[in-house]
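So the structure is just underneath, and the comments pick up after that.
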Amino acid sequence: MICRLFVGAETEHPQILFADIEPEIALLTGHRLESDQGVVVVLDRAADDHSVTPGHFHFKPKTAVQVLNSDALRLAGLVAEQYFVSAADALPLMLPPYLKRQPKLPERLTAALPEKPELSAAQAAIVEAIQNKSAGETGEHILWGVTGSGKTRIYEYLIEAALERGEQVLLLLPEIALSGQLMEIMTRRFPEHTVLYHSGLSDGERAKSHAAFISGRASIAIGTRSAVFLPAVNLGLIIIDEEHDASYKDMRQIRFDTRTVARLRQQLPERPLTPKLLLGSATPTLDTLMRARTGEALLHRLRHRATGQSLPNVFVPPYTVQSGLIGPFLHDKMHEHLSEKNQVLLLMNRRGHSTHVHCATCESFAECPRCSVALTYHKDNVLRCHQCGFQQDYSRACPVDGTPRQLTGRGIQRVEEILDGQFSSYSYARLDRDTARKRGFADDVMQTMRDGGIDILIGTQMIAKGFDIEGVTLVGVLAIDQMLTAADFRASENAWQLLSQVVGRSGRHKPGEVVIQTMAPEHPVIRAAQAHDADAFYQHEADIRRKTKYPPFASLARILMTADDENYLHRVAEKLAGDLAPANTAQLFASDAAATIELLGPALPSVNKIENVYRVQFLIKAPHEAALRTYATRILPVLHHYRRNFKTQLFLDLEPREIN
Ligand SMILES: [Zn+2]
Ligand SMILES: [Zn+2]
């Protein structure tokens, strides 16, 4: 029997139209769907002697493996509804990479489970609460634990308990290259039960993991945000580690938030088991914490380090531009710690050597020809665009007037020069996107660090994540002020998260110290970090968001409009502004909901040209999500009209992570 599954391809009708099939018997080709492809052929298992070529699909049932199941189809429907896209846009997220030859599956795994890890009293109480309590119907839990408090132990225990019940587990991590030891711990602990799913793997490896998980042969899938869509048989637990991490926000077509998709998975109808969702972090987002306030999630806190080691002393010495990249206070502290054979970590969150190349004669800065971004000078004598990767050789003479140019703005490579001069008897390594490009470099550095072969590690935010190095007793923060003043409502929260993470790297096993060099010592982020007073930070941040009406106290959406021609873009954007204005769209509303909507823009984002594409944005502010979604629903036809009739691209982002 040949059955067909129709997928609504028109974005106006985001729904899956089930035709003459049971979703349970869906066997799809491994083809990725393009949004203009509306039909997928689905075959009954009994039909494996057929070979058909409907339209442009070529399908050989004998080589088919199951790539979707009913849950995945339903999830595609929910995702489509959530993000105002078609199911045909959502469905590819659940499909494995297309392979000409399907992967061989491993046998069903029956390896014995290891002993459960030992838990402290505090950890055991949390495990107990997560297993037996839930907030309302949601089964959503937040694990807020200071760095080193043993969140990983709790994950291990819960995973093992789920496996004993025959359930599957999804463990999601931020970018794999940066996720440090957690993946290593889990794959070592449950080697027979675990598959990996992330973009660092080959298509073949990913297809194999996909097949192993959807067939139930593997019980644990560890991956990045794309793994949140992995179809499962009997999903019992979803863990999102470092839930505050920006990489959980997708910035491509659908612009989904991994946490939202995980919640959608909890809502799938017609299933015996509602998976629990556990969001773990040392620095949760305010949005997530608010869910504990409203009763949508249960909050569990670990306030102390598992080793019993107290949190490090944090110093904020007087600091000015004249203090130099490593001021006198930090300089002395470094010598003190290094002479006692301890290790030092320095955070400098800017790549390259000099952030600007300036000509005083014509008053120009070197700028990327493709982006509205200054080029950064790197010590290999190359200017690089950190937005698009463009690079050109550097010459000192200004290309306009030939006079010598100046290098200004401090980057991480300048720290190396200081270490060469003032700490020449100590070894150091630099870890940032430039050095980590070399395969295996980050792992090597971390291993050498652990073995004590490196005295000083300098790095960008890469070093703040997940690494636990016993010998580190001093952390120096060299540049955080730029983050504090970024034009984004989450700027303080982002700075707080980075600062807390890096502070937590110090003295995990013996007493540690931290030095923060800042010209804003009174900033609430700095004060809270110095006092280890997370509650004070969140309280202050919540007050500001409430006053300025930003999430989680209001709902926000962003419309990004892009075009190749700058003038054209601005003309169309002005026109769209008129068409979207709540006053003009009032007739679209049955109620007076329009009156509660604020439309801001068109405005220039902080980077208004990327790779020769110009950008403007609108922000939509609404008092709550329902109002925002009502407004978004009503303006969708307007957006579609613009998509069809103007040479601009339009992106609607309902959960913008950044708005600068
Ligand atoms: Zn010049
Ligand atoms: Zn560029």
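Points worth noting:
- FRET E, pair T307, Q447, Förster distance 30 Å, beta-carbon r, rounded to 0.05: 0.90
- Counting charges near R508 (Lys, Arg +1; Asp, Glu -1) among other residues having Cβ under 9 Å from its Cβ returns a value of +1.
- Computed from the alpha carbon atoms alone, the convex hull of segment 555-653 holds 84 Å³ per residue.
- Working ranking of peptides 222-235, 559-572 by packing, defined as the average number of other Cβ atoms within 10 Å per residue, highest first, is 222-235, 559-572.
- About the centre of its Cα atoms, segment 291-357 shows a dipole size close to 400 debye [charges on the beta carbon of Lys, Arg (+1) and Asp, Glu (-1) only; nearest 20 debye].
- Within a straight-line Cα-Cα reach of under 16 Å, K333 can be paired with the following aspartates and glutamates, leaving aside sequence neighbours fewer than 8 residues apart in one chain: D455, E513.
- Karplus 3J(HN,Hα) series, Hz, for segment 417-432 with 6.51 cos²θ - 1.76 cosθ + 1.60 (x for Gly, Pro): 4, 5, 5, 4, x, 9, 10, 5, 8, 10, 8, 9, 9, 10, 10, 8
- Cβ-based charge dipole, segment 121-302, positive-most Cα from V169, L268, V146: L268
- The aspartates and glutamates whose alpha-carbon is closer than 20 Å to the alpha-carbon of K208, local same-chain residues fewer than 8 away aside, are D71, E107, E167, E184, E192.
- Modelled label positions at S323 and N660, each set 7 Å beyond Cα in the direction of Cβ, lie 2.1 nm from each other.
- Summed over the residues of segment 555-653 and divided among them, the accessible surface reaches 47 Å² per residue at a probe radius of 1.4 Å.
- A simple charge model with +1 on the Cβ of Lys and Arg, -1 on the Cβ of Asp and Glu and nothing else charged puts the dipole of segment 492-568 at about 380 debye relative to its Cα centre.
- Each other residue within a Cβ distance under 14 Å of L338 adds +1 if Lys or Arg and -1 if Asp or Glu, for a net charge of -3.
- The protection proxy used here, the mean number of other Cβ atoms lying within 10 Å of each residue, ranks peptides 364-373, 651-660 as follows, highest first: 651-660, 364-373.
The values are calculated or read from the model by the stated rules, or taken from the named source; none is laboratory data. All values reported here derive from a predicted model rather than from experimental measurement. With ideal geometry, Cβ positions are generated from the backbone for all residues, glycine too; neighbour counts draw on all protein chains shown. The protein model used for the area step is the full one, side chains on, heavy atoms only, and it has no ligands, DNA or RNA in it. Shrake-Rupley method; radii C 1.70, N 1.55, O 1.52, S 1.80 Å.
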